[in-house]
1. If the convex hull of the alpha-carbon atoms of the chain is projected onto planes in all directions, what is the mean projected area in square nanometres?
2. Report the semi-axes of the equivalent ellipsoid for the stretch 171-289 in whole Å, largest first, where each axis is √(5λ) for an eigenvalue λ of the Cα gyration tensor.
3. Debye sum, Cα scatterers, the stretch 101-182, no solvent: what log₁₀ I/I(0) at q = 0.21 1/Å?
4. Roughly speaking, what is the stretch gain from Tyr248 to His279, that is 0.36 nm per residue apart minus the C-alpha to C-alpha distance, in nm to one decimal?
5. Let me see the pair-distance distribution of the stretch 296-336: every alpha carbon pair, 5 Å bin width, integer percents in order.
6. Okay, helix-only estimate at 222 nm for the chain: each DSSP H run of n ≥ 4 adds -39500 (n - 2.57), divide by all residues, round to 500 deg cm²/dmol; what do you get?
7. Enter the mean projected area of the convex hull around the alpha-carbon atoms of the stretch 228-341, in nm², rounded to one decimal.
8. In units of 2.2 N^0.38 Å, what is the alpha-carbon radius of gyration of the stretch 20-79?
Amino acid sequence: MSETTSEQTNEQARLADEGEARLGWIRSRMHLLREVRERFEQTRPFEGKTIGVGLHTEPKTAVLFETLAAGGATVVGTGNHGSTQDDIVAALATKGITIYGKRSDTLDEHIGNLNRTLDARPDILLDNGADLALLAADRGLTGAIVGGTEETTSGGLRLRDEGRGRIPFPVLVINDSPLKAIAENRHAVGQSTVESFMRITNLQIPGRRFVVVGYGWCGRGVTQYLRSLGGKVAVVDSDELKAFEALYDGYRVGTIEDLAPWAEVVITATGHPNVLQPHVFETLADGAVIGNVGHFPWEIDVPALKQLATKVTPVATALEQIDLPNGRHLVLIADGRMFNLAGTQPKGNSIESMDLGFMLQALSLERVALRAGELEPGAQPIPDDLNRYIAGRVLSVLGASR
């Protein structure tokens, strides 16, 4: 073994040890998934099946992967661009779970990792953003896939738009579940966005003027948690009913053009591309901070922003100062990526919320593995019986009667 190879092996072992130490703490707090894992070890619903995953790879998702493997699955996949945690990938490799990719991957390398995942010919997909499902359709690989799940708002939108008529297998959209909407999208995203904003920028919330673009479940959570800490919050949403709801929830409501000069911080949470465009950048206040918590790094038109810039200066980890021709500057968080998972020391959503969300994932994948023939092709909501069963388990585990 060469000296270089030996150093690489030692580094991987060190990373695996670090990852396992973090995993132990997380695993001990995910009571719902532990319950599922114990049952899966007995019933083996995924015996002989390969599950291809495309999901942010961090400690909580690793516990989900372990749970699926305990149910007999061969788990192979990749993380999402910019959020993969290398020590967790190394720890999973010691358990026979193959996750391609690393935190520093370029977008082209990430696309290569998605293709390698499909090269394993998965029977079931656990998707995030519909990347695997749509790539499988592009490559003509959908015939061997019995079904899958989709984690996100963005992925559900893509499946129902780009994927319409192209996905011949059922996909249970986890994001359609009221459990995920309330526990994860509203409360957990709200909490993790505020926590990450404060940690990355070291700025206070009280008295600061925030514009939240998008008043879906994630936007509702972000606004709620910002206001609870003293932020002044306004909302932009092109859907009249959501704007109406935001008004009656007590927020200032307007268009992004009207609110941009007022904003000190703009946070996007829509699931749609190019929400912040060049004409908006030019009207934002000097020093305004912009960031995104939607799944894809496309809500802020970062290429256009940097093309417009006269100078781009890294000012801290995951923070860049963008100087504009009008003499103002903006501060961009995490290059427009989902900053609660792609920023400094990313933690993502709370352990408890992901325990619930991943129980929903695991049981939905079990439903696909065992009863795919009872489901319609294409994107669809989680069956109601699963939502109600999990809601009951959460009430019990969290001691709601105390």
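Rule-based calculations on the coordinates, nothing more; no lab input. Since we're looking at a predicted model, the values are computed, not measured. Positions of Cβ are generated from backbone atoms using ideal geometry, with glycine treated the same way; all protein chains shown enter the neighbour counts.
1. On the way: hull surface 84.9 nm².
With every direction weighted equally, the projected area is 21.2 nm².
2. 22, 17, 14
3. With one equal scatterer per Cα and no solvent, log10 I(q)/I(0) is -0.97.
4. Separation in residues times 0.36 nm, less the Cα-Cα distance, equals 8.3 nm.
5. Percent of Cα pairs in each bin: 6, 25, 34, 24, 10, 1.
6. My calculation for the chain gives -13500 deg cm²/dmol from helical runs alone.
7. On the way: hull surface 29.0 nm².
Taking the Cα atoms of the stretch 228-341, their convex hull projects to 7.2 nm² on average.
8. 1.09
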